[in-house]
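Only one structure is covered here, and it is reproduced in the block below.
The values are calculated or read from the model by the stated rules, or taken from the named source; none is laboratory data. Every value quoted in this text rests on a predicted model; they were computed, and no experiment measured them. Every residue, glycine among them, receives a Cβ derived from its backbone with ideal geometry; neighbour counts consider all protein chains shown. Side chains are part of the model used for accessible areas, which takes the heavy atoms of the whole protein and leaves out ligands, DNA and RNA. Shrake-Rupley method; radii C 1.70, N 1.55, O 1.52, S 1.80 Å.
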Amino acid sequence: MLLLIEKVGELAKAIRKEKTNMCIDKSKIKNYDTVENEIADVFIVLSSICNTLNINLFNAFYEKEQINVERFWNNDNKNN
């Protein structure tokens, strides 16, 4: 779980580097990978967690997306 959080942080750094005008530490520029590579790392670690817990990631995603499709999103109320 900690590794997943670390990888998500690396993804955030890559997005900040490539996709925004936010500053980054130029002395560490070689430590920042591409957004695509960091997304792949997050997926790899998430897949490993699912394998360890015997969770079918595709099924979990599909079932949750079915719930989301049926959900009513009220953008006027911040408590949803």
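The table below lists the values:
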{"quantity": "Per-residue ³J(HN,Hα) for the range 40-55, Karplus 6.51 cos²θ - 1.76 cosθ + 1.60, θ = phi - 60°, Hz, x for Gly and Pro", "calculated": "4, 4, 4, 5, 4, 5, 4, 4, 5, 4, 4, 4, 4, 8, 6, 10"}
{"quantity": "Sites L57 and D25, calculated FRET efficiency, Cβ-Cβ separation with R0 25 Å, nearest 0.05", "calculated": "0.15"}
{"quantity": "The range 17-59 - convex hull of the alpha-carbon atoms, volume per residue in Å³", "calculated": "95"}
{"quantity": "Contact order normalised by residue count of the chain, Cα under 8 Å, 6+ apart, percent", "calculated": "28"}
{"quantity": "Accessible carbon and sulfur surface of the chain relative to its total accessible area, %, 1.4 Å", "calculated": "57"}
{"quantity": "Helix-only mean residue ellipticity at 222 nm for the chain, each DSSP H run of n ≥ 4 adding -39500 (n - 2.57), per residue, nearest 500", "calculated": "-21000 deg cm²/dmol"}
{"quantity": "Neighbourhood charge, 13 Å Cβ-Cβ cut-off, centred on I55 and excluding it, Lys, Arg +1 and Asp, Glu -1", "calculated": "0"}
{"quantity": "Charge dipole (debye, nearest 20) of the chain; +1 at Cβ of Lys and Arg, -1 at Cβ of Asp and Glu", "calculated": "360"}
{"quantity": "Length added when fully stretched, V69-L3, from 0.36 nm per residue minus Cα-Cα", "calculated": "20.7 nm"}
{"quantity": "Estimated Rh, the chain: Kirkwood, alpha-carbon pairs, angstrom", "calculated": "15.2"}
{"quantity": "Most mobile listed residue (D33, D25, D41) in the chain, GNM with C-alpha springs under 10 Å", "calculated": "D25"}
{"quantity": "Average accessible surface area per residue within the chain, 1.4 Å rolling probe, Å²", "calculated": "85"}
{"quantity": "Total lysine pairs under 14 Å (Cα atoms) in the chain, excluding pairs fewer than 8 apart on one chain", "calculated": "6"}
{"quantity": "Set of the range 4-26 residues, backbone N closer than 16 Å to the point 7 Å along the Cα-Cβ line of T34", "calculated": "11, 14-19"}
